[in-house]
Each structure stands twice: as structure tokens, then as C-alpha cells.
Amino acid sequence: MIDGRLFAAVAAATLAGASLALLPRLALSPQATTRIDRTAFMEATLKGERAWADGKRDGVPRIAPPPGSDIYLMANRYDWRPALKLTAGGTYRLHLSSADVLHGLLAPSLGWRFEAAPGYERVVTVTAPDVPGTHLLLCDEFCGDGHHLMTSRIEVVPSPQP
Ligand SMILES: [Cu+2]
């Protein structure tokens, strides 16, 4: 007959061992995250805004980078800068950081959810959908009084005909 308490102790020890084994994996998530200087990141953002300027969207500079580009996106209470116009089917390297506090980039219809942390750069490879359209982007990490206003739109446009 198995002692109930012994069984519970063994089960708990096994679970603890399993979660300890997972820890290193969780700490080294597949999205590359590195420390970054805030000013350097902001300069990279501004450089992209100059290179691919495409007017404004909701008062924020908008860029239309060609597929294959490295896009620097800065979260800032309470906007995302710059606004993005992507090419349908295009793949991009998205560099994410924050100018102030922790923000969460959520684009539900694209299935994107990444953290934007101050002092860190997160790099993710994303592919725009094949179908042109407009996608809501919002902040899902409470970041202050204007948190609910921290939205943007990602525009996906057809690739230019050759
Ligand atoms: Cu936010």
C-alpha cells in the first residue's frame, strides 16, 4: 500500500524537478533579447523614419520599408513609433524597445505578441499577411493613464507590380 503523504512528496519533488529543468529554456526564450542604449535605439528609429518616410498616421510618422528591412519600433507612453505600412507577404526583422516603461505589443489579427522593455532590444522575424488590409496594434501591458489610448494600425499593402 502506498503511503499517501509519501506519494504527494514524490509527486511534488518530481514537479519541482520538471519546472527547474524548464527554467533555463524559459530564461533563454527564442526571441533574441539584448541590452541596448536607449539613445542608440532612438537614433535607429529616426534613421528608419527618414529612409522610408511615408507621411503620417494618427499624427505619428509612418514608414513603408521594403521587405527584408530591419525595422526599429519604439514604444513610448502612449504611442508606437513609427506607424508601419508593410508589403503583403513581406518578411521583416522587427527590433522592439521602449523609451520609458514595459509595454506589450499585441496585434491580435496578426498573432503577434511581443514585449517592449526599456533598456532592451527584442528582435523578431515577422511576415506580413498575403492579403492587404489594416490591423490593429495595441498595448496589452498596463503602462499608465493613457494606456487604453496606446493603439496603432499596421497597414498591409499589395506588393508593387513588376
Ligand atoms: Cu503601453
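Since every read-out is calculated from the coordinates, none of them should be taken as a lab result. Because the structure is a prediction, the values reported are computed rather than measured. A quick note on method: Cβ atoms are made from the backbone with ideal geometry, for glycine too, and the neighbour counts reach across all protein chains shown.
If PHE142 satisfies every condition in (1) within 15 Å of the ligand (Cβ to nearest atom); (2) in contact (Cβ under 8 Å) with a residue 12 or more places away in the chain; (3) assigned to a loop (DSSP other than H, G, I, E, B) but one, which is the exception?
(2)
Identify the single condition in (1) farther than 18 Å from GLY48 by Cα; (2) within 16 Å of the ligand (Cβ to nearest atom) that ASP79 does not satisfy, given that it satisfies every other one.
All conditions pass for ASP79, except number (1).
Can you find a residue that is part of a loop (DSSP other than H, G, I, E, B) and closer than 17 Å to ARG35 by Cα anywhere in segment 69-92?
no
Take the conditions free of Cβ contacts under 8 Å to residues at least 12 places away in the same chain, in a strand (DSSP E or B) and not charged (D, E, K, R) and apply them to GLY55. Does it pass?
Considered against the rule, which asks whether it is free of Cβ contacts under 8 Å to residues at least 12 places away in the same chain, in a strand (DSSP E or B) and not charged (D, E, K, R), GLY55 comes out as yes.
Tell me which residues, restricted to segment 107-150, are polar (S, T, N, Q) and within 18 Å of THR45 (Cα to Cα).
Across segment 107-150, the qualifying residue is only THR125.
Run down LEU96, LEU86 and say which single residue is under 14 Å from HIS135 (Cβ atoms), away from the ligand (no atom under 11 Å from the Cβ) and surrounded by 20 or more Cβ atoms within 10 Å (Cβ to Cβ).
Answer to the check: LEU86.
Identify all residues within segment 101-119 that are surrounded by fewer than 21 Cβ atoms within 10 Å (Cβ to Cβ) and near the ligand (Cβ under 9 Å from one of its atoms); write none if there are none.
VAL101, LEU102, GLY104
From the residues in segment 36-68 that are closer than 18 Å to ARG93 by Cβ and touching a helix residue (DSSP H, G or I) at 6+ places or on another chain (Cβ under 8 Å), which one is surrounded by the most Cβ atoms within 10 Å (Cβ to Cβ)?
It comes out as ILE63.
If you scan segment 120-139, which residues turn out to be acidic (Asp, Glu) and within 16 Å of the ligand (Cβ to nearest atom)?
Scanning segment 120-139 gives no hits.
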